Amino acid sequence: MDNMLFAGIDLHKTQFTVCVLKGNQTIEDNTKYETRAEGYNAFITRMNQISEHNPKQVRLAIESTSNSRYFKEMMEKHGFNVTVVNTLRFKVVNLSTKKTDKNDAKTLAEFLSRDILPQSHLCTAESEGIRRILKSRSLLVQNSVALKNQAHAVLLAYGIITRTAQFQSKKGRDKVLQSLSEDRKKVMSILFDTLEAIEIQQKRLERNLRSITKDDEDIRLLMTIPGVGIVNACTIRAYMDEIDRFLTYKSFSAFCGLVPWVQNSNETVHYGRITKRGPQELRTALVQCVVAMVRMGSKTDNLSIIRQYHLLKEQKSSGKAIIATARKLSRIIYVMLKTKTPFISDRLSDK
């Protein structure tokens, strides 16, 4: 342990700052390297030099950033042990009154040497690939909504009142164009042509999702749940990553951010709003699944989870009922994926 080297690395887009400790001695302090091949190679050479070419004696700590996976995989190829820090649980850096790259790197090195850094889970390469496609699709959806809102606003300026879902299909948009004068039609055609191009790309991304996940058993199981389509199934799969890393359904629900805050002091226990910790995309997907199940009406009304939703809705509100049902759905999903069992409605009904 006395020969171990502990390197704290403040990683940024264009450079990273390094502080290396050996026991109570500072070996490197505020050394900067560029985040390109030359900088990485110089850092690796320096680590091998001060460790006497024994990479097993070198431990590195970096905060979770967009390029932390690349850095981690590169350093592990050279035999270094890399810890990716969970920034949500490690507030020492963020709340520091002296927040500089040098100080942040030194703080990481000191806590690493004491082995008290909270680690962050890096998802698999497959999950990250799915996430990238989902994020691209999300941007297209946002642009699509913005264009539809703009189209509604333009027509309203012409004195034409439109319905909310009037631009959902090409047929509906063509019908609007036919009712306009030539000058107005030119303006609206630009908006509608752009909207159509976005929708084509959106469908293309969804085909890509189906293609790269066609052999994924978890996604196949998720799509046996009524109302769960390819997008929400892929979202749950990608942001959950691996179900086996959750010991219980409670830990999975907590990861989704669907459990309430709890404050327990002496004999007082207070439950607050849901924590909203964990990936927002995962939590949103579960809520959307519940909404879809509720809207399916006759196909899902016999399910106990939906009957409980209607009871909660009467007692509280639809919003709270949806969140509570999403939490119950996370428990069902946990059991389904753990046991590799498809959704069976009979298990959740009076039959």
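The values are calculated or read from the model by the stated rules, or taken from the named source; none is laboratory data. Keep in mind the model is a prediction, meaning the values are calculated, not measured. A quick note on method: Cβ atoms are made from the backbone with ideal geometry, for glycine too, and the neighbour counts reach across all protein chains shown.
Condition first: touching a Lys or Arg at 6+ places or on another chain (Cβ under 7 Å) and touching a residue at least 60 places away in the same chain (Cβ under 8 Å). Can you find one or more residues in segment 170-177 that meet it? Walk me through how you get there before you give the answer.
Going residue by residue through segment 170-177, those that are touching a Lys or Arg at 6+ places or on another chain (Cβ under 7 Å) are 177.
Applying the additional criterion that residues be touching a residue at least 60 places away in the same chain (Cβ under 8 Å) yields none.
Looking through segment 170-177, none of the residues is touching a Lys or Arg at 6+ places or on another chain (Cβ under 7 Å) and touching a residue at least 60 places away in the same chain (Cβ under 8 Å).
For ARG277, work out the one condition from (1) within 20 Å of THR339 (Cβ to Cβ); (2) of a type outside the set (Phe, Trp, Tyr); (3) assigned to a loop (DSSP other than H, G, I, E, B) it doesn't fulfil.
(1)
Which members of segment 52-110 meet the condition of being acidic (Asp, Glu) and in contact (Cβ under 8 Å) with a residue 40 or more places away in the chain? Reasoning before the result, please.
Step one: filter segment 52-110 for residues acidic (Asp, Glu), giving 52, 63, 73, 76, 101, 104, 110.
Correct list: GLU63, ASP101, ASP104, GLU110.
Of all residues in segment 37-66, which are surrounded by 18 or more Cβ atoms within 10 Å (Cβ to Cβ), among the hydrophobic types (A, V, I, L, M, F, W, C) and assigned to a helix (DSSP H, G or I)?
PHE43, ILE44, MET47
So which pairs qualify, if the first residue must be in segment 20-32 and within 18 Å of THR45 (Cβ to Cβ), the second must be surrounded by fewer than 18 Cβ atoms within 10 Å (Cβ to Cβ) and of a type in the set (Val, Ile, Thr), the Cβ gap must be under 6 Å, and the two must be at least 6 apart or on different chains?
Note: pairs meeting the criteria are ILE27/ILE50.
Inside segment 15-37, can you point out the residues that are among the basic types (Lys, Arg) and over 29 Å from the mean Cα position of the chain (by Cα)?
Going residue by residue through segment 15-37, those that are among the basic types (Lys, Arg) are 22, 32, 36.
LYS22, LYS32 - these are the residues of segment 15-37 that are among the basic types (Lys, Arg) and over 29 Å from the mean Cα position of the chain (by Cα).
Name the one entry in LYS98, LYS148, LYS106 that is in a helix (DSSP H, G or I) and assigned by TED's automatic domain parsing to the domain that holds GLU76. Talk me through it step by step, then tell me what you get.
Details: LYS98 fails: in a helix (DSSP H, G or I); LYS148 fails: assigned by TED's automatic domain parsing to the domain that holds GLU76.
Among LYS98, LYS148, LYS106, only LYS106 is in a helix (DSSP H, G or I) and assigned by TED's automatic domain parsing to the domain that holds GLU76.
Could you tell me whether ALA153 is assigned to a helix (DSSP H, G or I), assigned by TED's automatic domain parsing to the domain that holds TYR70 and of a type outside the set (S, T, N, Q)?
For ALA153, the condition - assigned to a helix (DSSP H, G or I), assigned by TED's automatic domain parsing to the domain that holds TYR70 and of a type outside the set (S, T, N, Q) - is not met.
The rows are residues; the columns are (1) without any contact (Cβ under 8 Å) to a residue 40 or more places away in the chain; (2) surrounded by 15 or more Cβ atoms within 10 Å (Cβ to Cβ); (3) of a type in the set (A, V, I, L, M, F, W, C); (4) in the same structural domain as ARG137 (by TED's automatic domain parsing).
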| site | (1), (2), (3), (4) |
| --- | --- |
| PRO279 | no, yes, no, no |
| LEU282 | no, yes, yes, no |
| GLN288 | no, yes, no, no |
| LYS313 | yes, yes, no, no |
| SER317 | yes, no, no, no |
| ILE322 | yes, yes, yes, no |
| LEU329 | no, yes, yes, no |
| TYR334 | no, yes, no, no |
| THR341 | no, no, no, no |
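Within segment 185-211, restricting attention to residues that are of a type in the set (A, V, I, L, M) and closer than 14 Å to SER144 by Cα, which residue is farthest from the chain's Cα centre (by Cα)?
If we filter segment 185-211 for residues that are of a type in the set (A, V, I, L, M), which is where we start, we get 187-188, 190-191, 195, 197-198, 200, 205, 209.
In the following step, the residues that additionally are closer than 14 Å to SER144 by Cα were identified as 190-191, 195, 197-198, 200.
Values: ILE190: 34, LEU191: 31, LEU195: 26, ALA197: 27, ILE198: 23, ILE200: 25 Å.
Step by step, filter segment 185-211, then rank; the result is ILE190.
For LYS351, only one of the following conditions fails: (1) at pLDDT below 95; (2) assigned to a helix (DSSP H, G or I). What is its number?
Of the numbered conditions (1) at pLDDT below 95; (2) assigned to a helix (DSSP H, G or I), the odd one out for LYS351 is (2).
Of everything in segment 213-255 that's in a helix (DSSP H, G or I) and acidic (Asp, Glu), which residue is nearest to ASN302 (Cα to Cα)?
Initially, segment 213-255 is screened for residues in a helix (DSSP H, G or I), giving 217-222, 230-240, 243-245, 249-255.
Then keep just the ones that are acidic (Asp, Glu); that gives 217-218, 244.
Values: GLU217: 27, ASP218: 25, ASP244: 31 Å.
The qualifying residue nearest to ASN302 (Cα to Cα) is ASP218.
Let's see how each residue does on (1) out of contact with any helix residue (DSSP H, G or I) (no Cβ under 7 Å at 6 or more places or on another chain); (2) without any contact (Cβ under 8 Å) to a residue 24 or more places away in the chain; (3) aromatic (Phe, Trp, Tyr); (4) under 25 Å from VAL231 (Cα atoms):
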residue: ALA146; (1), (2), (3), (4): yes, yes, no, yes
residue: LEU156; (1), (2), (3), (4): yes, yes, no, no
residue: ARG163; (1), (2), (3), (4): yes, yes, no, no
residue: GLN166; (1), (2), (3), (4): no, yes, no, yes
residue: PHE192; (1), (2), (3), (4): no, no, yes, yes
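Please tell me if LEU258 is in a loop (DSSP other than H, G, I, E, B) and touching a residue at least 24 places away in the same chain (Cβ under 8 Å). Steps first, please.
On the way: in a loop (DSSP other than H, G, I, E, B): yes; touching a residue at least 24 places away in the same chain (Cβ under 8 Å): yes.
Considered against the rule, which asks whether it is in a loop (DSSP other than H, G, I, E, B) and touching a residue at least 24 places away in the same chain (Cβ under 8 Å), LEU258 comes out as yes.
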